[in-house]
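Student: One structure, pasted below without further comment.
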Number of protein chains: 2
Amino acid sequence: MQAFILSVGDEVVTGQIADTNAAWLSQRLLGLGVVVLGHAAVRDVEAEIIAAVRRAAERSDLVLMTGGLGPTHDDLTREAVAAAAGTPLINDPASLEHIREIFAARGLEMPASNAKQATFPQGGDVIFNPGGTAAGFRVTVGRASVFVLPGVPSEMRAMFDGGILPLLPETHTAIVVRMLKCFGMSESMIAERLGRILDLYGNPRVAFLPSAGTITVKFTATTATRAEATALLEPMVGRAAEALGEVVFGEDDATLQSAVARLLKASGKTLAVAESCTGGLVCHWLTEVPGISEHLLEGAVTYSNAAKTRRLGVPPALFDTVGAVSEEVARAMAEGMREQSGADLGLGITGIAGPSGGSPEKPVGTVHIALATPERTVHQKWSLVGTRTLIQFRAAKYALNLIRLELLRSVGR
Amino acid sequence: MQAFILSVGDEVVTGQIADTNAAWLSQRLLGLGVVVLGHAAVRDVEAEIIAAVRRAAERSDLVLMTGGLGPTHDDLTREAVAAAAGTPLINDPASLEHIREIFAARGLEMPASNAKQATFPQGGDVIFNPGGTAAGFRVTVGRASVFVLPGVPSEMRAMFDGGILPLLPETHTAIVVRMLKCFGMSESMIAERLGRILDLYGNPRVAFLPSAGTITVKFTATTATRAEATALLEPMVGRAAEALGEVVFGEDDATLQSAVARLLKASGKTLAVAESCTGGLVCHWLTEVPGISEHLLEGAVTYSNAAKTRRLGVPPALFDTVGAVSEEVARAMAEGMREQSGADLGLGITGIAGPSGGSPEKPVGTVHIALATPERTVHQKWSLVGTRTLIQFRAAKYALNLIRLELLRSVGR
């Protein structure tokens, strides 16, 4: 089965946002054995949307569209797709009720313009949007099934997984992807190590994708059935994981925070986090994992020296002698957090995220991380590069990785 | 002048990477007064690239292509563009010498496969690549000028600014964009209010872009000169900002956190933040703003009831009577944080981000936000929808907006 992805909106065509929806949908379709032929992005111009839908429908079995389902004058996708399908738009009372309820929950009347979000091409299927007012729909154009989703990524993703997957036809091809998520080794070192034991160019194909310190090793097998693909992948992924050892923190959708959460659960341990330069990012990432509240007792963002002393008991003398960005202060933060919260593990991070605040001895990107456990306190110093945001991201990842490795030692993988 | 952007490569079409090159080129072209008609991405398949180049050249004056200029068997862009132009590829000795030098600088012989990177369509212009072996080129296809650049973003960007800008014809058009960033009113309500005082369809054009509660109102003026465009925009943006009032938190790149940081600085006030369901996100967003450390004294993530009591002095009785997710606890968190940190403003957030933890009386998405000031404590209750991450994002934005509005009242905009 072949698919085409069509994004609608001036915000994409003028470059105001990069089209992450097309990339996400491509990955999902690949996982379903659907070959994506290409992407296109068109402006909020009805005639151009109609032409693009027709052309995409001529070339493929499946067209996935995003964007242009809002309530304002520049949202023209529903009108354009109905025109391409040659059907009128009709009202869906259930969708209208859902939109009214969303406004009512905020104590508001639904503005009249939102009513058009409850209209859909006749003969199509409505795809419910649990997260907003822009429901999607499916309709047939020529020989193709055209699925239309809103452009807001979180809503689009939830609707694809919840509303579209059950409607897709069988593909008779299996493209199965397995990913090993790695942290703590460079892309080229990982490639070199795997190149010695695996054929990187055969089937499954192997690719490497770096992102702010995380390296994803992607294995893609293309066969007739999922069982065959899995049988090809299983031994290959297993050998790769063995060769990379504790560098691998998980598979597929795993994140460093989900790996830490899993190990906290497996070990029954609790954690508390004291952050300075990362400003709450470690704590926020951990709370993205549902159910973390049983293991994450507390977080503190102690930006000022006074807060480090008052909250965590960092001795004030340290600020004068070694400075706030130092091994000693990171250790004192970690130990203070552990003691005061009663958690098994206490984390402390202090550093200079920039752009200002650096000095010749402590340049921007200097980060100290400490982890206090019942037995000992471990410490790492990193010299990170990049923008303020990138330094915060990398520091937070190193901190999560330190917790992960410490927990691994106590519970095993 | 009208342009089309064409990206070549399986890594884009399979979604391994999002196409940031197309977005970057669109922004640059917009700044030059060139209208971008659309984007497309095609696979590393020669016939598909040829068809896409021809189609893009039929529709526009200018085609900008990226990707597929590497030395390996799956790099087919130069062959495909030459075929579309109907000209053979010929050798360029200067380019070959540059590639040899790049390898020589690393003490290496140039591999034979790199020689094809020194071939270009006859009659075209070579675009030098100071950063790598993949030189670009310009060639005419039909009535269009086709510019071809490598896919590596840093090389592509340097070559566009250094090699392509001087070759572009004059546009005699200026396209200038201004954006108003809004929070606290729905897209449809903003559009309705502006529709009463402005022509949304004229020049400047008005568009709306929602993103997790933030609505960007974008004004695009297309005229002969930048001065004319600015003269058109100035009064229109001014009237819109006046009509929307405090819903507008800034322009262009502004975020709610940068608006709060600006107001904290203007008022000389300090802030401390106590978070439960948002898990540190408010604090992290604030620390994305350089220099915030002077005004953000402290953050606390108090997930457990015990931490709420120990850190913030929330009376334990409240958990039994009204529960942790309640107005009373939000107020106690805000007031406790304010007192214990010594900050002028104390924020407290408690809610249910889901997916579990909801009940009929307090469903997932119930969020209480309180802000304690020297004079009073204000409180808001929200019923938010969406995934766990989206509820956290929206709750954090409502919290930042509450701080912003409170600061506005004390310092004026």
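Student: Which of the numbered conditions does B:ILE369 fail, given that it passes all the others? Conditions: (1) at the interface with chain A (Cβ under 10 Å from one of its Cβ atoms); (2) touching a Phe, Trp or Tyr at 6+ places or on another chain (Cβ under 8 Å); (3) β-branched (Val, Ile, Thr).
Tutor: B:ILE369 satisfies all of (1) at the interface with chain A (Cβ under 10 Å from one of its Cβ atoms); (2) touching a Phe, Trp or Tyr at 6+ places or on another chain (Cβ under 8 Å); (3) β-branched (Val, Ile, Thr) except (1).
Student: Okay, next question. Got a number for residues in region B:355-398 being farther than 17 Å from B:MET333 by Cα and touching a residue at least 40 places away in the same chain (Cβ under 8 Å)?
Tutor: Of the residues in region B:355-398, 6 are farther than 17 Å from B:MET333 by Cα and touching a residue at least 40 places away in the same chain (Cβ under 8 Å).
Student: Check B:GLY162, B:GLY136 and return the single one that is over 30 Å from B:GLY245 (Cα atoms), open to solvent by less than 10 Å² (accessible area, probe 1.4 Å) and away from chain A (no Cβ under 14 Å).
Tutor: Answer to the check: B:GLY136.
Student: Looking at (1) at the interface with chain B (Cβ under 7 Å from one of its Cβ atoms); (2) open to solvent by 10 Å² or more (accessible area, probe 1.4 Å); (3) in contact with a helix residue (DSSP H, G or I) (Cβ under 7 Å, 6 or more places away or on another chain), which is the only condition A:ASP10 fails?
Tutor: Unmet condition: (3).
Student: If you don't mind, there's one more thing I want to ask. Condition first: open to solvent by 50 Å² or more (accessible area, probe 1.4 Å), within 9 Å of another protein chain (Cβ to nearest Cβ) and over 30 Å from B:ALA174 (Cβ atoms). Can you find one or more residues in region B:28-39 that meet it?
Tutor: Within region B:28-39 (the criterion being open to solvent by 50 Å² or more (accessible area, probe 1.4 Å), within 9 Å of another protein chain (Cβ to nearest Cβ) and over 30 Å from B:ALA174 (Cβ atoms)), the answer is no, since none of the residues qualifies.
Student: Just to be sure I understand, how many residues within region A:13-22 are under 20 Å from B:ASP44 (Cβ atoms) and open to solvent by less than 10 Å² (accessible area, probe 1.4 Å)?
Tutor: Selection size over region A:13-22: 1.
Student: Sort through B:MET179, B:MET189, B:MET156, B:MET185 and tell me the only one that's within 30 Å of B:GLY68 (Cβ to Cβ) and within 14 Å of chain A (Cβ to nearest Cβ).
Tutor: B:MET156
Student: Additional query: Restricting the first residue to region B:171-188 and requiring it to be farther than 30 Å from A:MET110 by Cβ and hydroxyl-bearing (Ser, Thr, Tyr), which pairs with a second residue that is surrounded by 19 or more Cβ atoms within 10 Å (Cβ to Cβ) and at pLDDT below 90 meet a Cβ separation below 9 Å and a spacing of at least six or different chains?
Tutor: From residues that are farther than 30 Å from A:MET110 by Cβ and hydroxyl-bearing (Ser, Thr, Tyr), the pairs are B:THR171/B:GLY33; B:THR173/B:GLY33.
Student: Among the listed residues B:GLU242, B:GLU246, which satisfies the condition of being within 30 Å of B:ILE349 (Cα to Cα), part of a helix (DSSP H, G or I) and acidic (Asp, Glu)?
Tutor: Selected residue: B:GLU246, the only one of B:GLU242, B:GLU246 that is within 30 Å of B:ILE349 (Cα to Cα), part of a helix (DSSP H, G or I) and acidic (Asp, Glu).
Student: Tell me which residues, restricted to region A:41-61, are open to solvent by less than 10 Å² (accessible area, probe 1.4 Å), more than 12 Å from chain B (Cβ to nearest Cβ) and farther than 17 Å from A:PRO121 by Cα.
Tutor: Across region A:41-61, the qualifying residue is only A:SER60.
Student: If you go through region B:79-109, how many residues are open to solvent by 30 Å² or more (accessible area, probe 1.4 Å) and more than 27 Å from B:VAL45 (Cβ to Cβ)?
Tutor: Of the residues in region B:79-109, 14 are open to solvent by 30 Å² or more (accessible area, probe 1.4 Å) and more than 27 Å from B:VAL45 (Cβ to Cβ).
Student: Additional query: In this structure, is A:ALA221 surrounded by 14 or more Cβ atoms within 10 Å (Cβ to Cβ), at pLDDT 95 or above and of a type in the set (Gly, Ala, Ser)?
Tutor: No: the conditions fail for A:ALA221.
Student: May I ask you to list the residues in region B:154-198 that are in contact with a helix residue (DSSP H, G or I) (Cβ under 8 Å, 6 or more places away or on another chain), of a type in the set (Val, Ile, Thr) and closer than 18 Å to A:ASP10 by Cβ?
Tutor: Correct list: B:ILE175, B:VAL176, B:VAL177, B:ILE190.
Student: Give region A:181-202 a look and list any residue that's within 27 Å of A:LYS381 (Cβ to Cβ), open to solvent by 20 Å² or more (accessible area, probe 1.4 Å) and touching a Leu at 6+ places or on another chain (Cβ under 9 Å), or say none.
Tutor: A:LYS181, A:GLY184, A:MET185, A:GLU187, A:ARG193
Residue-by-condition table, conditions (1) under 20 Å from B:ASP92 (Cα atoms); (2) touching a Gly at 6+ places or on another chain (Cβ under 7 Å); (3) open to solvent by 10 Å² or more (accessible area, probe 1.4 Å):
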position	(1), (2), (3)
B:ALA118	yes, no, no
B:GLY142	no, no, yes
B:GLY151	no, yes, yes
B:VAL177	no, no, yes
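Student: Name the single residue that is nearest to the other protein chains (Cβ to nearest Cβ) among those in region A:277-320 being under 20 Å from B:ALA272 (Cβ atoms) and among the charged types (D, E, K, R).
Tutor: That would be A:GLU298.
Student: Residues to consider are B:ALA266, B:ALA261, B:ALA254, B:ALA274; find the one that is touching a residue at least 12 places away in the same chain (Cβ under 8 Å), under 27 Å from B:GLU339 (Cβ atoms) and more than 14 Å from every other protein chain (Cβ to nearest Cβ).
Tutor: The conditions single out B:ALA266.
Student: Being of a type outside the set (A, V, I, L, M), within 21 Å of A:GLU155 (Cα to Cα) and in contact (Cβ under 8 Å) with a residue 40 or more places away in the chain is the filter here, so list the residues in region A:44-66 that pass it.
Tutor: The answer is A:THR66, and nothing else.
Student: Might you let me know whether region B:203-218 holds any residue that is over 20 Å from the mean Cα position of the chain (by Cα), surrounded by 14 or more Cβ atoms within 10 Å (Cβ to Cβ) and at the interface with another protein chain (Cβ under 10 Å from one of its Cβ atoms)?
Tutor: The answer is yes; a qualifying residue exists.
Student: Identify the single condition in (1) within 24 Å of A:HIS284 (Cα to Cα); (2) buried (at least 22 other Cβ atoms within 10 Å of the Cβ) that B:THR387 does not satisfy, given that it satisfies every other one.
Tutor: (2) is the only condition that B:THR387 fails.
Student: If you go through region A:123-133, how many residues are surrounded by fewer than 20 Cβ atoms within 10 Å (Cβ to Cβ) and without any contact (Cβ under 8 Å) to a residue 40 or more places away in the chain?
Tutor: Residues meeting the conditions: 4.
The values are calculated or read from the model by the stated rules, or taken from the named source; none is laboratory data. Note that the structure is a prediction, hence the values are computed from the model and not measured. For neighbour counting, all protein chains shown are included, and Cβ atoms are generated from backbone atoms with ideal geometry for every residue, glycine included. Just the protein is used for accessible areas: all its heavy atoms, side chains included, with ligands, DNA and RNA removed. Shrake-Rupley method; radii C 1.70, N 1.55, O 1.52, S 1.80 Å.
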